[in-house]
Amino acid sequence: MSIRTVRDVYVVDAVRTPIGKFGGAFAGVRPDDLAAHVVRALVDRTPDLDPARIDDVVFGDANGAGEDNRDVARMAVLLAGLPVSVPGATVNRLCGSGLEAVIQAARAIALGDASVAIAGGVESMSRAPWVVQKPERAFPAGHQQMWSTTLGWRMTNPRMPAEWTGSLGEGAELIAEKHGITREAQDAFALESHRKAAAAWTAGLYDGEVVAYPGVDLGRDECIRESTSEALARLKPAFRTDGSGTVTAGNASPLNDGAAALLLTDEEGLAATGREPLARISASAVTGIEPQLFGLGPVDAVQRALAKAGRSFGDVGAFELNEAFAAQALGCLGAWPELDPAVVNPRGGAIAIGHPLGASGARLAGAVAHQLAAAGSGTGVAALCIGVGQGIALVLER
């Protein structure tokens, strides 16, 4: 039996669309077209690479119930005009789907099953359809339940314990309660997310990363807004109305549309691109946690990934933590006292930028790669919490 040598995996490039708000600029754009756009952009930005050399395209997609059905990764390949010989696979780890796609593509390259791959993610929460369960018997006379596939539980298995199937917002409330995270702290965190994101756009820090979608007038992430602590304080709690609520629309990520993708290669594939890589993928980890405490999923995942990479929090110079909720992000940060908070989401996070479920993990991985390239060296981490109780993390180095 032959023994394979594990290969280094490089991030050659990473792109994303601007992130659109629910019902906003991208509401008229199909998710498979969003995915095709970022795939095409990567190919166009690497003219020395023969697209026929791409061994696989892996995309994350959390919902997959509408126009993103039938393997949206393969649809993106075809719609982007790549050779029909290029395959595509779609993966689902809910909010971690985009990062799962990166990990799976990187694993294939590391094991020698691929030399060049594109990994990414896409979501259109605006265009997520309503669905109706098939009736148990033919020709029902009564009304049928219609379910929105935009976000959260639907058609829940009655065997699931009730505490596992609460809303995502209630899960954030539980974390705030458990760790004593006040409404004021959450609002301050949210305000800072918007400030950093706006400053990053103004400074041109996203110019080399974001690729505009043709025909859509969206120059930057659509949910970034100028707000104040007083304005945030006036918002009513969105999930608890008994006076104990702290989670609002202002300190939680919005509903969004967007896509992101990364070009990954081994050493041989890198030579074929004629480019210098942004970063190298070092390690990854996925973990599980009680579903109602899903927001703390990254805590253990990040620690495991760093240990695999032989790194510590003191080595981390770029950290992208998905801000599903301010309470959730603050709960994670509180568990990592060794981590310098100044390196976390320096260009804003999902509360401001947005969280298009299946795309977010790829956005975060690409953001870390670009930050490491700008710094010239260092260690970076991308991490997300995942509904139903999981965490996922990726370590990159340069």
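Data for the structure
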{"quantity": "Cα-Cα P(r), the chain, percent of pairs per 20 Å interval", "calculated": "30, 58, 12, 0"}
{"quantity": "GNM flexibility winner over the chain from PRO135, PRO337, PRO237 (Cα, springs under 10 Å)", "calculated": "PRO135"}
{"quantity": "For the chain, built as a Gaussian network whose Cα springs stay under 10 Å, the top-fluctuating residue of ASP266, ASP187, ASP50", "calculated": "ASP50"}
{"quantity": "Mean Cα-pair separation over length for the chain, i.e. relative contact order, pairs under 8 Å, 6 or more apart, %", "calculated": "27"}
{"quantity": "Net +/- balance of residues flanking TYR10 in space, Cβ distance below 13 Å, scoring K and R +1, D and E -1", "calculated": "-3"}
{"quantity": "FRET E, pair ALA199, ALA89, Förster distance 30 Å, beta-carbon r, rounded to 0.05", "calculated": "0.20"}
{"quantity": "Theoretical FRET efficiency, 1/(1+(r/R0)^6), r = Cβ-Cβ of GLU338 and ARG234, R0 41 Å, to 0.05", "calculated": "0.70"}
{"quantity": "Residue among VAL43, VAL15, GLY112 farthest towards the positive dipole end of segment 3-122, charges placed on Cβ", "calculated": "VAL15"}
{"quantity": "Exposure rank, largest accessible area first [HIS143, HIS179; 1.4 Å]", "calculated": "HIS143, HIS179"}
{"quantity": "Rounded to the nearest 10 Å², the accessible area of MET146 at probe 1.4 Å", "calculated": "110"}
{"quantity": "Solvent-accessible surface ranking, highest first, for ASP32, ASP71 at 1.4 angstrom", "calculated": "ASP71, ASP32"}
{"quantity": "Isotropic mean projected area of the C-alpha convex hull, segment 260-398 (nm²)", "calculated": "8.0"}
{"quantity": "Selection from GLY96, PRO83, MET125, by position along the positive dipole direction of segment 49-134 (Cβ)", "calculated": "MET125"}
{"quantity": "Cα-based Rg of segment 180-335 normalised by 2.2 N^0.38 Å, two decimals", "calculated": "1.26"}
{"quantity": "Share, in percent, of DSSP beta bridges within the chain that are antiparallel, nearest 5", "calculated": "70"}
{"quantity": "Gyration tensor verdict on segment 161-246 (Cα atoms; rounded if a/c is under 1.5, prolate if a/b is larger than b/c, oblate otherwise)", "calculated": "prolate"}
{"quantity": "Solvent-accessible ranking of LYS21, LYS178, LYS236, largest area first, probe 1.4 Å", "calculated": "LYS236, LYS178, LYS21"}
{"quantity": "Nearest-20 debye value, segment 191-231 charge dipole, Cβ charges on Lys, Arg, Asp, Glu", "calculated": "80"}
{"quantity": "Under 26 Å from LYS196, Cα to Cα: lysines that are on another chain or at least 8 residues apart", "calculated": "LYS21, LYS236"}
{"quantity": "Segment 111-204 - Rg over Rh from alpha carbon coordinates, Kirkwood radius", "calculated": "1.13"}
{"quantity": "Sites TRP147 and GLU290 - FRET efficiency at Förster radius 30 Å, r taken between beta-carbons, to 0.05", "calculated": "0.75"}
{"quantity": "Label-point gap, in nm, between ALA212 and GLU226 - each point 7 angstrom along Cα→Cβ", "calculated": "2.2"}
{"quantity": "222 nm mean residue ellipticity, helices alone, for the chain (DSSP H n ≥ 4; -39,500 (n - 2.57); rounded to 500)", "calculated": "-9500 deg cm²/dmol"}
{"quantity": "Rg and Dmax of segment 65-174, Cα atoms only, in Å", "calculated": "18.5, 57"}
{"quantity": "Between segment 240-309 and segment 168-219, the Cα center-to-center distance that results, in Å", "calculated": "14"}
{"quantity": "Nitroxide proxy distance, nm - points 7 Å out along Cα→Cβ at ARG137 and ARG4", "calculated": "5.3"}
{"quantity": "Along principal axes, Cα extents of segment 1-97, largest first, whole Å", "calculated": "53, 31, 23"}
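The values are calculated or read from the model by the stated rules, or taken from the named source; none is laboratory data. Remember, predicted model here, so these are calculated numbers, not experimental data. Methodologically, a virtual Cβ is constructed for each residue, glycine included, from the backbone with ideal geometry; neighbour enumeration extends over all protein chains shown. Heads up: the accessible areas ignore ligands, DNA and RNA and are worked out on the full protein's heavy atoms, side chains in. Shrake-Rupley method; radii C 1.70, N 1.55, O 1.52, S 1.80 Å.
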